[in-house]
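The values are calculated or read from the model by the stated rules, or taken from the named source; none is laboratory data. Note that the structure is a prediction, hence the values are computed from the model and not measured. Don't worry about glycine lacking a Cβ; one is built from the backbone with ideal geometry, like all the others, and counts go over all protein chains shown.
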Amino acid sequence: MNLSELKTMMDEAVVEANAAMTNEDLEAVRIKYLGRKGVLPAVMKELRSLEPSERADVGKTANEFKQTLNKLLDEKGRKDNEGSAAGEGFDCTLPGRWHRLGTIHPVSAVIEQTVSIFRSLGFTVSDGPDIETRYRNYTALNTPEHHPSMDEQDTFWIGEDDLLLRTQTSPVQIRAMESCQPPIRIVTPGRCYRRDTTDATHSANFHQIEGLYVDRKVSLSDLKGVLAYFAKELMGEDVSIRFRPHFFPFTEPSVECDFSCHVCKGSGCRVCKNSGWIEIAGAGMVDPRVFEKVGYDTEKYTGYAFGMGIERLVMVKYGVSDIRMLYDNDLRFLKQVGR
Ligand code: DAH
């Protein structure tokens, strides 16, 4: 590098140092020119190959350059730091930074809406623990000892004891009936746990909302009316529902309730796996054997119960075809479906 090239480089370095906005920028300039692999040490190494007449001038100028740049960087660093400490670097005319408000997670939003619809029908909300006893999760719900749902594969047992992570919100029915006499009209939203392998429609940890109504003369048509009303309130007038006969140990008769697919309006899509329907709830008339367990008079009272999958409701309401999207917390997704 000859003398004029060195001078040009010096000018550039000064411009870069002055343009530096932060301590990191200043450090980058220092490394570029003065660092071990920087421009200046390279110039020093080249000195030997220069003509002796040029060597002295270039050497001297390079040394001056080193001092000047060091001084400039030090001064500028000190001044910037003082400036911000004294508030001088703060420009109060700049517009403020906008902080985005979070949204309510779709699972929470659907729980809120569901609860509020049932509240408007006279239901109250009750709650139960995630860790349950075998008795309330199974035995009191008339589920025999060797029922497949009790398998190691389905239930997270806790230790050797009779404790487990509840596989359904139904044990809250037992808790409610143990502590109150009819009439009883409750919904209970909450988390459930099953040893399911996660895929597009299953998760080991999901949410249900349970419903229970016990009184004199409660009938299956009351249940159908309430679920049909709920479906329309949540999804809109154009939803249809259908009931299919089914079996649950704690209800007799038992049904499964499907909603028509809100996404494709029944013509078939990914969300409903081309069937036009989505299975939303299990339900039925409370089996008298469950009433016996909690000491209710089976001659006097009848009742209906239902349990709905919250994630299913979210998926059909918002057109989500993979349940895992509800747990990934990808902000792009949450902003789209959140409220
Ligand atoms: N607990 C059932 C399940 O997780 C759903 C269910 C079915 C709940 C029938 C009920 C009912 O209350 O009556 O599959």
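List of remarks:
- Residue match in the stretch 58-71 (condition: exposed (fewer than 14 other Cβ atoms within 10 Å of the Cβ), at pLDDT below 85, out of contact with any helix residue (DSSP H, G or I) (no Cβ under 7 Å at 6 or more places or on another chain) and not acidic (Asp, Glu)): no
- Here Thr197 meets each of (1) within 13 Å of the ligand (Cβ to nearest atom); (2) modelled with pLDDT under 95 with one exception, condition (1).
- Selection status of Arg175, touching a Lys or Arg at 6+ places or on another chain (Cβ under 8 Å) and either at pLDDT below 95 or in a helix (DSSP H, G or I) (or both): yes
- Considering (1) under 25 Å from His202 (Cβ atoms); (2) loosely packed, with under 13 Cβ neighbours inside 10 Å, the lone condition that Leu163 does not fulfil carries the number (2).
- For Phe250: the one exception among (1) in contact with an Asp or Glu (Cβ under 6 Å, 6 or more places away or on another chain); (2) free of Cβ contacts under 8 Å to residues at least 40 places away in the same chain; (3) within 10 Å of the ligand (Cβ to nearest atom): (2)
- Members of the stretch 132-157 that are more than 13 Å from the ligand (Cβ to nearest atom) and surrounded by fewer than 13 Cβ atoms within 10 Å (Cβ to Cβ): Pro144, Glu145, His146, Asp151, Glu152, Gln153
- Pairs with Cβ under 9 Å, 6+ apart, first in the stretch 224-239 and outside the structural domain of Phe306 (by TED's automatic domain parsing), second assigned to a loop (DSSP other than H, G, I, E, B) and of a type in the set (A, V, I, L, M, F, W, C): none
- Scope the stretch 118-169; condition within 30 Å of the chain's Cα centre (by Cα) and of a type in the set (D, E, K, R); matching residues: Arg119, Asp127, Asp130, Glu132, Arg134, Arg136, Asp151, Glu152, Asp154, Arg166
- Candidates Glu311, Glu252, Glu256: the one that is assigned to a strand (DSSP E or B), out of contact with any Cys (no Cβ under 8 Å at 6 or more places or on another chain) and crowded, with 17+ Cβ neighbours inside 10 Å is Glu256.
- Of the set (1) more than 29 Å from the chain's Cα centre (by Cα); (2) touching a residue at least 24 places away in the same chain (Cβ under 8 Å); (3) surrounded by fewer than 19 Cβ atoms within 10 Å (Cβ to Cβ), all apply to Pro245 but (2).
- Looking across the stretch 158-170, the residues that are part of a loop (DSSP other than H, G, I, E, B) and either away from the ligand (no atom under 14 Å from the Cβ) or among the acidic types (Asp, Glu) (or both) come down to Gly159, Glu160, Asp161, Asp162.
- Restricting the stretch 116-126 to residues that are within 16 Å of the ligand (Cβ to nearest atom) and not aromatic (Phe, Trp, Tyr), the residue that is farthest from Ser179 (Cα to Cα): Val125
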